[in-house]
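Inspection log for the structure reproduced underneath, given as structure tokens.
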Amino acid sequence: MAGTGTLLSDLPDDLLRRILSFAPAADGAATALLSRRWRWLWRTSGAVNLDGPIYDGHDGSLFLRHAEGALAAARAPVTRLSLRVPGALGPVAAVDVLSLPAARRVQDLRVAAPHYFWLGALPSATLRQLRVAGCPPGPVAVAPAPRGAAFPALAAVRLQGCAVPLSCLQGLSDAAPGLATIHLEGCRLTPLVVAAPRPAMPSEDRCRLRCPAATSLVLADCVWPRRVQGGMELDAPRLRCFRYRGFVRLVSLRSPAPDIHLVDLHFVDEVCQRGEGRMCDELRVIFWQFLRNFSSAKFLKLKLNFLIEHIGFVIESNKDKSELQSHVFFSNLGRLELEAPHLPMSKGTAMAMATLLHCCPVLRDLQLRLTTTGATRMPMIPFDNNKADDLNEVSDVPGLSEYSFNCVQSCLRRVRLQFHLEDLNCFGVQLARFFAENALALEEMYTEDPNYELCQYINREVRRWMSDSSKRRNSFSSKKIKRN
């Protein structure tokens, strides 16, 4: 640094104050020894970070006294407060700190606690962002705020590793009219009890969460009791971004979300390679019920831990064809990113692709990453120029080439394919040729594979396939005009 003449102390006050705001209180105090300027900047940063593990072996009173001292040392209102409280300090240590007068103007609060956190301790008038995370052995039990509490400025809540009743979360949503971002990760959700049709047999029909102001909602690795037959019901009519990671379970939207833009789904179910008939049928049904909620989405990211074959419909009769034709449509979906394992020589992969293409009539941008599981992975073939002519023998995609798709015929412009190349006639190459020859509006297409040299050759062949297909169409059009 000295060689360039640039020193940390040369930074402007605003930037240096921002850097110091992320330092733990003990480290911030230590920097005050470096210069009077740094001491003033640290105290005026408006941020206090209290790291509780250094108090292991002490009681909570020492932690509370030091927290009070750190808050009192600030020469500006404390608007950003971070607490990391170990279990040895007791379940109410974080609540005690938040009860201090100097903490009542906090806008951004981050709490990591192992046992218990009470929402009633929050600085309700000023709080804008709240993050609560459980520490080992966790999860942290979140207790509701008193009835009548209000959080007029609260815009974002992130709960990680928490055990939270949905009634508690619902109360927080009701008390925060501007709560736009809700992020639940690794949480254990306990549902509201809803009476069954027969009052003598109470049951938990579904988990319900109403968040009328939410525009961004994340459910990642969250669990709720399996006895809840109706799954999770969300009421978020203003939703624009939804992210989900977990098992394929019943999740529904009570109200339509017409402005939703991004839907990011990662299903972690693992089904045996060949599947079990009934299990796969149930998975496919629930999968499409899940997706049907987001038919207005413009961008869908979909990652499957199970074989892509399990989401496709097998077309063996006119009844099957009519079922596919009446299937859910993503009428606004312009971009689809899909990552999934597949069986290299399975017709089911093609049927899954047919189902997806049929459901996306205005698709413009497709990114597909096909992986192979350990049991189905074949050794990567070496590139051999003597076999280059084999690309002329690439066959049609069984189960796909006999159908026509609106997006392929009218609007698909960009395609990116990533796959493990087992042979020159594998499904990935067949799919590349299918799009090159049939996508009438195609402008860009790329294939990616660990075998770089072979992949480059296939990309050149793709351009040739596109050119040959265009010439055939132009020739057919010319002949048709001459006949007329």
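The values are calculated or read from the model by the stated rules, or taken from the named source; none is laboratory data. Since we're looking at a predicted model, the values are computed, not measured. All Cβ positions, even for glycine, are placed from backbone atoms using ideal geometry, and neighbour counts span all protein chains on display.
Table: residues versus (1) free of Cβ contacts under 8 Å to residues at least 60 places away in the same chain; (2) in contact with a Phe, Trp or Tyr (Cβ under 7 Å, 6 or more places away or on another chain).
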position: 330; (1), (2): yes, no
position: 335; (1), (2): yes, yes
position: 338; (1), (2): yes, no
position: 344; (1), (2): no, yes
position: 348; (1), (2): yes, no
position: 358; (1), (2): yes, yes
position: 365; (1), (2): yes, no
position: 370; (1), (2): no, yes
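Determine whether residue 217 is within 30 Å of residue 153 (Cβ to Cβ) and at pLDDT 85 or above. Lay out the reasoning, then the answer.
Numbers: within 30 Å of residue 153 (Cβ to Cβ): yes; at pLDDT 85 or above: yes.
So residue 217 passes the test.
Yes/no matrix, rows are residues, columns are (1) modelled with pLDDT under 90; (2) of a type in the set (Lys, Arg); (3) under 19 Å from residue 135 (Cα atoms):
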| site | (1), (2), (3) |
| --- | --- |
| 84 | yes, yes, yes |
| 101 | no, no, no |
| 105 | no, yes, no |
| 109 | no, no, yes |
| 116 | yes, no, yes |
Margin query: Please verify whether residue 417 is out of contact with any Ser or Thr (no Cβ under 7 Å at 6 or more places or on another chain), assigned by TED's automatic domain parsing to the domain that holds residue 299 and modelled with pLDDT of 85 or more, treating the condition exactly as stated.
Written below: no
Note to self: Within region 266-281, does at least one residue satisfy the condition of being modelled with pLDDT of 90 or more, touching a strand residue (DSSP E or B) at 6+ places or on another chain (Cβ under 7 Å) and crowded, with 17+ Cβ neighbours inside 10 Å?
What the structure shows: yes
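Could you pull out the residue among 178, 120 that is out of contact with any strand residue (DSSP E or B) (no Cβ under 7 Å at 6 or more places or on another chain), surrounded by fewer than 18 Cβ atoms within 10 Å (Cβ to Cβ), part of a loop (DSSP other than H, G, I, E, B) and not assigned by TED's automatic domain parsing to the domain that holds residue 75?
Answer to the check: 178.
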Next item on the list: Residue by residue through region 89-111, note down the ones that are assigned to a strand (DSSP E or B) and either in contact (Cβ under 8 Å) with a residue 60 or more places away in the chain or among the acidic types (Asp, Glu) (or both).
Entry: 108
Notebook entry, point to check: Is it the case that some residue within region 222-238 is closer than 18 Å to residue 180 by Cβ, of a type in the set (A, V, I, L, M) and crowded, with 19+ Cβ neighbours inside 10 Å?
Noted result: yes
Margin query: Quick check on my filter: what residues within region 140-167 are under 14 Å from residue 210 (Cα atoms) and surrounded by 17 or more Cβ atoms within 10 Å (Cβ to Cβ)?
Written below: 165, 166
Next item on the list: Would you check if there is a residue in region 164-174 being part of a helix (DSSP H, G or I), β-branched (Val, Ile, Thr) and either assigned by TED's automatic domain parsing to the domain that holds residue 216 or more than 30 Å from residue 264 (Cβ to Cβ) (or both)?
Entry: no
Check: Can you name the condition, by its number, that residue 89 falls short on among (1) at pLDDT below 85; (2) under 18 Å from residue 163 (Cα atoms); (3) not basic (Lys, Arg)?
Finding: (2)
Check: Quick one: is residue 226 within 22 Å of residue 280 (Cα to Cα) and either modelled with pLDDT of 95 or more or β-branched (Val, Ile, Thr) (or both)?
Finding: no
Notebook entry, point to check: Any idea which of 162, 135, 168 is at pLDDT below 90, within 21 Å of residue 188 (Cα to Cα) and of a type in the set (A, V, I, L, M, F, W, C)?
Noted result: 135
